[in-house]
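What follows is a set of notes on a single structure, which appears directly below.
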Amino acid sequence: MGMNKIWRSRFPIFQHHPELVYLDNAATTQRVDSVIDAMQEFSISENASIHRGIYNLSNAATNRFEDTRHKIAKFLNAKSGENIGFTKGSTESINVVAKGYLESRLSKDDNVVVSILEHHANFLPWQDVCKKKGAELRILRLDGDGKLSPESLAELVDKRTRLVAVNHISNALGRINPVTSLIAKCKKRNVPVLIDAAQSAALHSIDVEKMGCDFLVFSGHKMFGPMGTGVLYVGDNYREEVEPLVVGGGMIESVSESVSTYRPFPFNLDAGTPNVQGVLGLGAAVDFLTQLDKDAARLHVARLTSKFTQGVKSIAEIKLVPLFDEESGIVSFNVNGIHAHDVAGFLNRDNIAIRAGMHCTQPLLDELNLDATARVSFSIYNEEEEVDRLISSLQKLVDFWK
Ligand SMILES: Cc1ncc(COP(=O)(O)O)c(C=O)c1O
């Protein structure tokens with residue numbers, strides 16, 4: 001049995017939908033059996049509120065919740081679990097940095113730099129705080145090769161730059177960005193950097209120490225884990241500067257009628273009853289990824305991407321957006337004369353699930369003069385035969401439309 005058959009057998013959704021060709025992995029990945037089991041086990045035999053109880057069940061839940069921070073720290077090569085905050089996902093993590101860290105430090109005439117490749121989640125929070133504070137949002141554009149260039153970034157960053165935010169892998173195009181070199185340019189000027197690792201956390205090893213980023217975010221549901229879970233990594237230099245967006249029980253040091261003090265990051269993100277079941281599911285996803293041969297996994301998605309891009313070369317009507325890196329497993333394309341939504345609708349009739357539209361990257365599509373694209377995104381459980389089915393369905397679409 002090939003590796004990917006073994007991987008596929010771990011995802012129960014395909015037993016329920018044996019005919020489904022699921023190629024929307026950049027939106028959300030399917031859930032691995034051990035994540036489902038961990039969450040079910042919590043419901044069946046471990047459910048208790050954390051941080052408050054003095055009884056065994058609550059202590060056990062608290063320990064497992066806190067252990068997950070350490071597990072994730074190891075996964076990212078962060079110094080400690082105290083660098084790891086839990087959120088609902090990448091979107092919330094980025095909002096915490098924009099509103100809980102940056103906003104109070106941003107003044108008129110300061111600037112924030114983001115790339116043109118950002119998902120709205122890594123664009124709107126910065127645009128919003130810049131507007132509120134009269135600061136400038138600067139955009140790092142693609143260079144002549146269709147890449148983000150560290151040299152161009154260095155030209156945009158100056159002494160009034162308060163933060164740079166950029167993604168590791170573009171969800172719309174599948175471009176893998178040179179994050180380590182981009183970060184190095186910012187470090188020269190002591191500018192903090194946030195990396196949006198939503199698309200890379202699953203199959204690309206992330207080492208925050210080597211990368212040198214100050215903030216890094218990802219979502220559980222894009223790495224075989226549960227929806228409603230996410231991570232905000234904050235490096236030691238900024239840990240004490242991150243304030244929560246939500247306050248309430250469970251994150252305080254002391255409360256009086258006139259003055260209250262909060263626990264430091266990451267515990268200050270845990271106001272109210274946290275999503276303990278989700279965090280344990282996220283921990284199980286991290287265990288799965290820690291054991292996964294990531295080199296083999298990336299090679300697998302690169303092969304599928306290559307098979308697809310080579311295969312559609314014979315269909316003249318198909319125009320790839322040629323700004324992808326195969327190891328991302330993501331490719332955007334259009335079919336001449338047919339709107340991307342119609343492409344996706346047609347493929348759906350053959351039980352092939354792909355994404356179509358703007359992919360929450362409207363500034364990028366404007367820049368490329370596109371109003372939509374169809375996007376396929378591969379993961380470890382996809383198979384070569386599925387690429388064949390996709391290509392023959394696209395050929396059928398083109399023949400049908402003629
Ligand atoms: C690159 C990127 N950043 C951020 C997000 C937002 O993630 P979430 O919806 O899990 O908060 C996504 C989701 O598509 C993404 O692809």
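Every read-out reported here was derived from the displayed coordinates using simple, explicitly stated rules and does not represent laboratory data. What you are looking at is a predicted structure, and each value in this text was computed from that prediction instead of being measured. Methodologically, a virtual Cβ is constructed for each residue, glycine included, from the backbone with ideal geometry; neighbour enumeration extends over all protein chains shown.
Working out 0.36 nm times the residue gap between residue 246 and residue 384, then minus their Cα-Cα distance, what length gain in nm do you get to one decimal?
Answer, rounded to one decimal: 45.1 nm.
Antiparallel versus total DSSP beta bridges in the chain: what percent is that, nearest 5?
Expressed as a percentage, antiparallel bridges in the chain total about 55.
In what order do 232, 137 fall by count of nearby beta-carbon atoms within 10 Å, going from fewest to most?
Working: 232 26, 137 15.
Starting with the residue having the fewest Cβ neighbours, the order is 137, 232.
What number comes out for the charge environment of residue 109, summing +1 per Lys or Arg and -1 per Asp or Glu over other residues with Cβ under 9 Å away?
Once all neighbours under 9 Å are counted, the net charge is 0.
If R0 is 30 Å, what FRET efficiency do you get for residue 48 and residue 236 from their C-beta distance, rounded to 0.05?
According to the calculation, E is roughly 0.40.
If you line up the long axis of helix 340-349 against the longest principal axis of the chain, both from Cα atoms, how many degrees apart are they, to the nearest 10?
With rounding to tens, the tilt is 80 degrees.
Calculate for the chain the 222 nm mean residue ellipticity that helices alone would give, adding -39,500 (n - 2.57) per DSSP H run of length 4 or more and normalising by residue count, nearest 500 deg cm²/dmol.
It comes out at -10500 deg cm²/dmol, rounded to the nearest 500.
Of 126, 401, how do they rank once you tally other Cβ atoms within 10 Å and put the fewest first?
Details: 126 25, 401 14.
With the fewest neighbours first, 126, 401 line up as 401, 126.
State, to one decimal in nm, how far the label point of residue 353 lies from the label point of residue 136, with both points 7 Å from Cα in the Cβ direction.
It works out to 4.5 nm between the two label points.
Describe numerically, in nm with one decimal, the distance between label points set 7 Å from Cα along Cα→Cβ at residue 108 and at residue 291.
Taking the two extended label points, one gets 5.9 nm.
Identify which of 61, 201, 172 has the largest mean-square fluctuation in a Gaussian network model of the chain, with springs joining Cα atoms closer than 10 Å.
61
Return the distance in nm (one decimal) between the two label points of a simple spin-label model at residue 261 and residue 41, each offset 7 Å from Cα along Cα→Cβ.
The modelled label-to-label distance comes out at 3.9 nm.
In degrees, nearest 10, range 0 to 90: what is the angle between the Cα axis of helix 294-311 and the longest Cα principal axis of the chain?
Taking the Cα atoms of the chain, the angle to 294-311 is about 30 degrees.
Provide, as a two-decimal number, the C-alpha radius of gyration of the range 83-242 over 2.2 N^0.38 Å, N being how many residues it has.
Dividing the Cα Rg of the range 83-242 by 2.2 N^0.38 Å gives 0.95.
With Cβ to Cβ distances under 13 Å as the rule, what net charge do the other residues near residue 276 carry (K, R +1; D, E -1)?
Residues near residue 276 contribute -2 overall.
Taking 51 Å as R0, compute the FRET efficiency from the Cβ-Cβ separation of residue 181 and residue 19 and round it to 0.05.
On the way: r = 44 Å, r/R0 = 0.86.
In this case the efficiency is close to 0.70.
How many angstrom lie between the C-alpha centres of the range 11-80 and the range 188-242?
Each part's Cα centre sits 19 Å from the other's.
Find how much the distance from residue 143 to residue 33 grows on full extension, using 0.36 nm per residue of separation minus their present alpha carbon separation; answer in nm with one decimal.
Difference between extended and current length: 35.4 nm.
How tilted is helix 56-76 with respect to the longest principal axis of the chain? Cα atoms for both, answer in degrees (0 to 90, nearest 10).
Approximately 60 degrees, to the nearest 10.
Could you tell me the largest-minus-smallest coordinate of the C-alpha atoms of the chain on each of the three principal axes, in descending order and whole angstroms?
Dimensions of the chain along the principal axes of its Cα atoms: 73, 55, 33 Å.
Any idea how far the Cα center of the range 150-187 sits from the one of the range 298-360, in Å?
27
Taking the alpha-carbon distance from residue 402 and a cut-off under 29 Å, which lysines remain once sequence neighbours fewer than 8 residues away in the same chain are dropped?
307, 313, 319
Could you tell me the extents of the range 6-89's C-alpha atoms along the three principal axes, largest first, rounded to whole Å?
Each principal axis gives a Cα extent; for the range 6-89 these are 49, 32, 24 Å.
Can you sort 227, 39 by how many other beta carbons sit within 10 Å, fewest first?
Final ranking by Cβ density, sparse to dense: 227, 39.
Please give the net charge around residue 384, taking every other residue with its beta carbon less than 9 angstrom from that of residue 384, where Lys and Arg add +1 and Asp and Glu add -1. Walk me through the numbers before you get to the answer.
On the way: positive: 303, 307; negative: 383, 385, 386, 388.
After counting each charged neighbour, the total is -2.
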